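These notes concern the structure reproduced below.
The values are calculated or read from the model by the stated rules, or taken from the named source; none is laboratory data. Small disclaimer: the values here were computed from a predicted structure and weren't measured. Cβ sites come from the backbone with ideal geometry, for glycine too, and all protein chains shown count toward neighbours. Just the protein is used for accessible areas: all its heavy atoms, side chains included, with ligands, DNA and RNA removed. Shrake-Rupley method; radii C 1.70, N 1.55, O 1.52, S 1.80 Å.
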Amino acid sequence: MILQSLVRYYEALQRLGKVTSPGWCSAKVSFVLELGGDGCLKRVIPLKQEVPRGKKTAWVPQEIMVPQMVGRSSGVSANFLCDNSSYLLGIDNKGKPERTRECFVSARERHHEILDGAGGTAARAVLRFFDTWQPEEAAVSPALAEDLEEILQGGNLIFEVDGIYAQEDPEVQKAWENRPRVQSEGAQGICLVTGQQTEIARLHGMIKGVAGAQSSGAALVSFNAPSFTSYEKEQSFNAPVGEYAVYAYTTALNYLLSDRKHTTGVGDMTIVSWAEDGEEIYQDAYDCAMEPSADNQEIVDGLFKNLAAHRAVDVEGVEKDLDPNQRFYILGLAPNAARIAVRFFYQDSFGSILRHIREHYARMEIVRPAADTLNYLGIWHLLQETVNRKSRDKKPLPNLAAALYRSIISGAPYPPMLYEAVLTRIRAEQDDADSYSCKITRGRAAIIKAYLLRSGLGEKEELTVALNENSKNVAYTLGREFAVLEAIQEDANPGINATITDRYFNAACATPAAIFPILFKLKNSHIRKLGAGRVIHYERLLMQLQGNLTVADEQAFACPKQLALEEQGMFILGYYHQRQKRFEKKNKGTEAEQTQAPSADDAEA
């Protein structure tokens, strides 16, 4: 399905004029070798351009259409009209002069094989260059002097004759299209992608742009050991794909990966997405919804509302009607030595995918601090809640990133490892005396709420956005109670360095029956330092919470000895909600700690 989808995307791009035809490819070219009509090298023209890269700029090669380049990992195999200095000039800095000479001879033979008999000035100039050029004299060539050092560092070179690139000359193009092709013995068969009888590709083209993979490219489909083969089929004949399909899917995937605007990195994955009709606006809308920023919150709101109402959407200043039934594809790739591993592949209608993302954000909605202006937390923010922020490598677990991403776009339950990773980080940071402020962040509380909701481990009426004062859930109430006890301690001891949260939170969350008696003894000591109004306020609040824990038949408090993992999540939510209530804004816009501020009646009392 992956290859078929990419072939269809290639055909859509070809109709839009965005990709090359079979036999051609787009390559990064650093320099042009300008030739005279007699084949002499006149000068070298740099093609690198300065482009912004974050806050800095970088000099990068230009993307130019050239004859299809070969895939090579070892051995000598020359490209036509576009290659590095080893092949086109017979020089490099690799310290292997014999191999370098072999590369130049291979390039000369390759160009004679294709251009012999071709007419036109460009073809004759290129052949004359290979016949007369002396690699031994390259170091003293005045045409190379200025750029020689950079040329030797690598990068592709092309030829120019009479002001046009050699590959753009009509006679050269004709010679390339009519080039002799080597037919592999027994290479005819049914293509698994197109279903047609055709020539089967022995090797598939290289895929470039996957983070962590080889910069020269890696294979998506390849076989290199007997254990991977069957029925005595060698290399890619194990998965028969026609030459056209191979060209189409590799061209389409390389096009996607070269578009940095629509390429996303999540963990060790590189993620690309595309609409079947090739329209870029769908990618813009999807990327905007999947990873919102502080600047596009309103755009995301409008996207969800307008798409649901079948109205035109406005993305980055472009207003257009999007078809909810448009087929949309998301592909997650990861490096695997000289190959590319597929972490996940998902396809669905665009409207369905956006609906799943909107439902995800609805589950993630939770009360947040006043300084937090993000309405939506993208997947990057969520994964950062699972990593140790003090470590140098802040990448999440690879399997977690892929599983979470897929669950969001498909509407499936969140991976259990996400919930476990969040609880683990909370416990670890509570035990870390040097850790920063509150460990129950907005993101972690939102993940717990969303996980419990989607997994059906909590009642929807219980898992609210803000504080649920009517909840009778034991674990949730215990979390609220812990937050009130913490507020009493902080109110009685302003500026205290270590609170009961730092010392007892993990134990109270896991084994409340063993810890809460200790906390209430500490409360009795702390509350003596407060005024009468505050004492009444806190005692009344604690009495209400204790009432929620009372077992009616036994007239006893239900404080369990242990809390299961899902109950620990409810405990954390109760604590987070009650703590956020303390810092809720009043109607006038000023902040007040509600649990610390006694009412007028309390003050009079």
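Against the definition (more than 30 Å from the chain's Cα centre (by Cα) and buried (at least 18 other Cβ atoms within 10 Å of the Cβ)), how does ILE515 come out, yes or no?
Against the criterion (more than 30 Å from the chain's Cα centre (by Cα) and buried (at least 18 other Cβ atoms within 10 Å of the Cβ)), ILE515 qualifies.
Given the residues ASN470, ASN548, which is the only one that is surrounded by 18 or more Cβ atoms within 10 Å (Cβ to Cβ) and over 28 Å from GLN384 (Cβ atoms)?
So the residue among ASN470, ASN548 that is surrounded by 18 or more Cβ atoms within 10 Å (Cβ to Cβ) and over 28 Å from GLN384 (Cβ atoms) is ASN548.
Checking the conditions here, which among ALA514, ALA532 is in contact (Cβ under 8 Å) with a residue 24 or more places away in the chain, of a type in the set (Gly, Ala, Ser) and farther than 28 Å from ALA428 by Cβ? Full working, then the answer.
Numbers: ALA514 fails: farther than 28 Å from ALA428 by Cβ.
After applying the criteria, what remains is ALA532.
If a residue must be part of a loop (DSSP other than H, G, I, E, B), touching a Ser or Thr at 6+ places or on another chain (Cβ under 6 Å) and farther than 15 Å from PHE104 by Cβ, how many such residues does segment 65-81 contain?
Result for segment 65-81: 1.
Residues checked against (1) among the aromatic types (Phe, Trp, Tyr); (2) in a loop (DSSP other than H, G, I, E, B); (3) open to solvent by 30 Å² or more (accessible area, probe 1.4 Å):
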| site | (1), (2), (3) |
| --- | --- |
| ARG99 | no, no, yes |
| PHE104 | yes, no, no |
| GLU109 | no, no, yes |
| VAL126 | no, no, no |
| LEU157 | no, no, no |
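With the structure loaded, tell me whether GLU171 is charged (D, E, K, R), within 39 Å of the chain's Cα centre (by Cα) and surrounded by 14 or more Cβ atoms within 10 Å (Cβ to Cβ) or whether it fails that test. Full working, then the answer.
Details: charged (D, E, K, R): yes; within 39 Å of the chain's Cα centre (by Cα): no; surrounded by 14 or more Cβ atoms within 10 Å (Cβ to Cβ): yes.
Against the criterion (charged (D, E, K, R), within 39 Å of the chain's Cα centre (by Cα) and surrounded by 14 or more Cβ atoms within 10 Å (Cβ to Cβ)), GLU171 does not qualify.
Is it the case that some residue within segment 158-175 is touching a residue at least 60 places away in the same chain (Cβ under 8 Å) and under 30 Å from PHE237 (Cα atoms)?
yes
Kindly list the number of the only condition in (1) modelled with pLDDT of 85 or more; (2) surrounded by fewer than 17 Cβ atoms within 10 Å (Cβ to Cβ); (3) part of a helix (DSSP H, G or I) that fails for PRO560.
PRO560 satisfies every listed condition except (3).
If you check ILE500 against the conditions, is it crowded, with 18+ Cβ neighbours inside 10 Å and within 16 Å of PHE571 (Cα to Cα)?
Details: crowded, with 18+ Cβ neighbours inside 10 Å: yes; within 16 Å of PHE571 (Cα to Cα): yes.
Criteria met by ILE500.
Here is a yes/no grid of residues against (1) surrounded by fewer than 22 Cβ atoms within 10 Å (Cβ to Cβ); (2) farther than 28 Å from ALA285 by Cβ; (3) at pLDDT below 90; (4) not acidic (Asp, Glu):
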{"site": "GLU365", "(1), (2), (3), (4)": "yes, no, no, no"}
{"site": "SER391", "(1), (2), (3), (4)": "yes, yes, yes, yes"}
{"site": "PRO398", "(1), (2), (3), (4)": "yes, no, yes, yes"}
{"site": "ALA401", "(1), (2), (3), (4)": "no, no, no, yes"}
{"site": "SER410", "(1), (2), (3), (4)": "yes, no, no, yes"}
{"site": "TYR414", "(1), (2), (3), (4)": "yes, no, no, yes"}
{"site": "VAL422", "(1), (2), (3), (4)": "no, yes, no, yes"}
{"site": "ARG425", "(1), (2), (3), (4)": "yes, yes, no, yes"}
{"site": "GLY443", "(1), (2), (3), (4)": "yes, no, no, yes"}
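Which one is surrounded by the most Cβ atoms within 10 Å (Cβ to Cβ), of the residues in segment 285-317 that are over 21 Å from the mean Cα position of the chain (by Cα) and among the acidic types (Asp, Glu)?
ASP314
Quick one: in segment 52-97, which of the residues that are without any contact (Cβ under 8 Å) to a residue 24 or more places away in the chain and open to solvent by less than 40 Å² (accessible area, probe 1.4 Å) is nearest to ILE164 (Cα to Cα)?
Filtering segment 52-97 for residues that are without any contact (Cβ under 8 Å) to a residue 24 or more places away in the chain and open to solvent by less than 40 Å² (accessible area, probe 1.4 Å), the one nearest to ILE164 (Cα to Cα) comes out as TYR87.
Which residue, of GLU539, GLU593, GLU566, is under 45 Å from the mean Cα position of the chain (by Cα), at pLDDT 90 or above and open to solvent by 50 Å² or more (accessible area, probe 1.4 Å)? Give the steps one after another, and end with the answer.
Working: GLU539 fails: under 45 Å from the mean Cα position of the chain (by Cα); GLU593 fails: at pLDDT 90 or above.
Only one candidate passes the filter, namely GLU566.
So in segment 180-200, with the set limited to residues that are part of a loop (DSSP other than H, G, I, E, B) and modelled with pLDDT of 85 or more, which one is least open to solvent (accessible area, probe 1.4 Å)?
The initial filter retains those residues of segment 180-200 that are part of a loop (DSSP other than H, G, I, E, B), namely 180-187, 191-196.
Narrowing further to those that are modelled with pLDDT of 85 or more: 191-196.
On the way: CYS191: 3, LEU192: 113, VAL193: 25, THR194: 56, GLY195: 53, GLN196: 114 Å².
The residue in question is CYS191.
Open to solvent by less than 20 Å² (accessible area, probe 1.4 Å), more than 27 Å from GLN134 (Cβ to Cβ) and among the β-branched types (Val, Ile, Thr): is that true of VAL7 in this structure?
Details: open to solvent by less than 20 Å² (accessible area, probe 1.4 Å): yes; more than 27 Å from GLN134 (Cβ to Cβ): yes; among the β-branched types (Val, Ile, Thr): yes.
Judged against the criteria, VAL7 is a match.
Say whether the condition of being touching a strand residue (DSSP E or B) at 6+ places or on another chain (Cβ under 8 Å) and under 23 Å from PRO61 (Cα atoms) is met by at least one residue in segment 108-123.
no
If we scan segment 82-89, do we find a residue that is in contact with a Cys (Cβ under 7 Å, 6 or more places away or on another chain) and not in a strand (DSSP E or B)?
Yes, the conditions are met somewhere in segment 82-89.
Which pairs do you get when a residue that is touching a residue at least 12 places away in the same chain (Cβ under 8 Å) and more than 17 Å from ALA338 (Cβ to Cβ), found in segment 223-247, comes within reach of a residue that is open to solvent by 50 Å² or more (accessible area, probe 1.4 Å) and among the charged types (D, E, K, R), reach meaning Cβ atoms under 7 angstrom, with the pair 6+ apart or on two chains?
PHE237/ARG202
Between VAL484, VAL465, which is surrounded by fewer than 21 Cβ atoms within 10 Å (Cβ to Cβ) and modelled with pLDDT of 90 or more?
VAL465
Can you tell me which condition GLU243 does not meet? The list is (1) more than 23 Å from ALA12 (Cβ to Cβ); (2) touching an Asp or Glu at 6+ places or on another chain (Cβ under 8 Å); (3) open to solvent by 60 Å² or more (accessible area, probe 1.4 Å); (4) not basic (Lys, Arg), and all the others hold.
For GLU243, the failing item is (1).
Answer yes or no: is there a residue in segment 214-232 that is among the charged types (D, E, K, R) and either at pLDDT 90 or above or buried (at least 16 other Cβ atoms within 10 Å of the Cβ) (or both). Steps first, please.
Filtering segment 214-232 down to residues among the charged types (D, E, K, R) leaves 232.
Remaining after also requiring either at pLDDT 90 or above or buried (at least 16 other Cβ atoms within 10 Å of the Cβ) (or both): none.
No, segment 214-232 contains no residue that is among the charged types (D, E, K, R) and either at pLDDT 90 or above or buried (at least 16 other Cβ atoms within 10 Å of the Cβ) (or both).
Return the pairs, sorted by first residue and then second, in which the second residue is open to solvent by 10 Å² or more (accessible area, probe 1.4 Å) and of a type in the set (Lys, Arg), the first residue lies in segment 263-286 and is assigned to a strand (DSSP E or B), the beta carbons are less than 6 Å apart, and the residues are 6+ apart or on different chains.
As it stands, the answer is MET269/ARG343, since those pairs meet every condition given.
Does LEU478 count as within 19 Å of ARG579 (Cβ to Cβ) and either of a type in the set (Asp, Glu) or surrounded by 21 or more Cβ atoms within 10 Å (Cβ to Cβ) (or both)? Please lay out each step first, then the result.
On the way: within 19 Å of ARG579 (Cβ to Cβ): yes; either of a type in the set (Asp, Glu) or surrounded by 21 or more Cβ atoms within 10 Å (Cβ to Cβ) (or both): yes.
Spelling it out, LEU478 is indeed within 19 Å of ARG579 (Cβ to Cβ) and either of a type in the set (Asp, Glu) or surrounded by 21 or more Cβ atoms within 10 Å (Cβ to Cβ) (or both).
I need the helices (runs of 4 or more DSSP H) fully contained in segment 411-504, keeping only those with at least 3 residues that are more than 24 Å from MET543 (Cα to Cα) and in contact (Cβ under 8 Å) with a residue 12 or more places away in the chain.
Hits in segment 411-504: 416-430, 442-455.
Which residue pairs have Cβ atoms under 8 Å apart, sit 6 or more places apart or on different chains, and have a first residue in segment 27-38 that is within 18 Å of GLY209 (Cα to Cα) and a second that is open to solvent by less than 10 Å² (accessible area, probe 1.4 Å)?
From residues that are within 18 Å of GLY209 (Cα to Cα), the pairs are ALA27/VAL66; ALA27/CYS82; VAL29/VAL66; VAL29/CYS82; VAL29/LEU157; VAL29/ILE158; SER30/ILE151; SER30/LEU157.
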